[in-house]
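Down below is the structure, laid out as structure tokens.
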Amino acid sequence: MGTQTPRSTWGRWQMTSVERSKKNTARWIEWYLQRRDTAEFQKYQSEMLARNRNTDRFREMSRRQARLYAQRHPEKIKARNALTHALERGEIVRPLECGDCGNAPSPGRDGRTQIQAHHDDYSRPLEVRWLCRLCHAKLDRKY
Ligand SMILES: [Zn+2]
Ligand SMILES: [Zn+2]
């Protein structure tokens, strides 16, 4: 059948990933958690992102992931939307410093702020902690 397109490879990967056992998934998550903070892995991830960001397949994948995430965590999406609206209306002002370490990181390369909102309780969408990426990652890992 000639050369394989990336699409068919991807389709096969998806099938096997559906068939994967829970044990394998758990092992994979563990593998990922162990590596996601290493410089090597982050370099690989950002390279992959840069390569694939503008492909239709990648966009479709991101959309599907966002949809799945919204289905699994409706309360998070609701809280985030409420917060976004409050920020837009000026009811809440995003601080420049991290509420934990006090650092004031400069905006990222895309111009976006590096101070992120953390919800302790998604049923109170406007009660957030403002944290730098580092402190936020540390905090979220505790939960
Ligand atoms: Zn911090
Ligand atoms: Zn958080």
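Go over the candidates Ala79, Ala70, Ala137 one by one and state the one that is under 24 Å from Tyr32 (Cα atoms), among the small types (Gly, Ala, Ser), assigned to a helix (DSSP H, G or I) and within 15 Å of ligand 2 (Cβ to nearest atom).
Exactly one of Ala79, Ala70, Ala137 is under 24 Å from Tyr32 (Cα atoms), among the small types (Gly, Ala, Ser), assigned to a helix (DSSP H, G or I) and within 15 Å of ligand 2 (Cβ to nearest atom), namely Ala137.
Determine which member of the set Ala104, Ala86, Ala117 is small (Gly, Ala, Ser), surrounded by 15 or more Cβ atoms within 10 Å (Cβ to Cβ) and out of contact with any Phe, Trp or Tyr (no Cβ under 9 Å at 6 or more places or on another chain).
Exactly one of Ala104, Ala86, Ala117 is small (Gly, Ala, Ser), surrounded by 15 or more Cβ atoms within 10 Å (Cβ to Cβ) and out of contact with any Phe, Trp or Tyr (no Cβ under 9 Å at 6 or more places or on another chain), namely Ala86.
Scanning the stretch 90-127 for residues that are free of Cβ contacts under 8 Å to residues at least 24 places away in the same chain and not in a loop (DSSP other than H, G, I, E, B), which turns out nearest to Lys78 (Cα to Cα)?
His118
Has the stretch 130-137 got any residue that is surrounded by fewer than 11 Cβ atoms within 10 Å (Cβ to Cβ), out of contact with any Cys (no Cβ under 9 Å at 6 or more places or on another chain) and at pLDDT 90 or above?
No, the stretch 130-137 has no match at all.
The values are calculated or read from the model by the stated rules, or taken from the named source; none is laboratory data. Computed from a predicted structure; not experimentally measured. All Cβ positions, glycine included, derive from the backbone under ideal geometry; neighbour counts span all protein chains shown.
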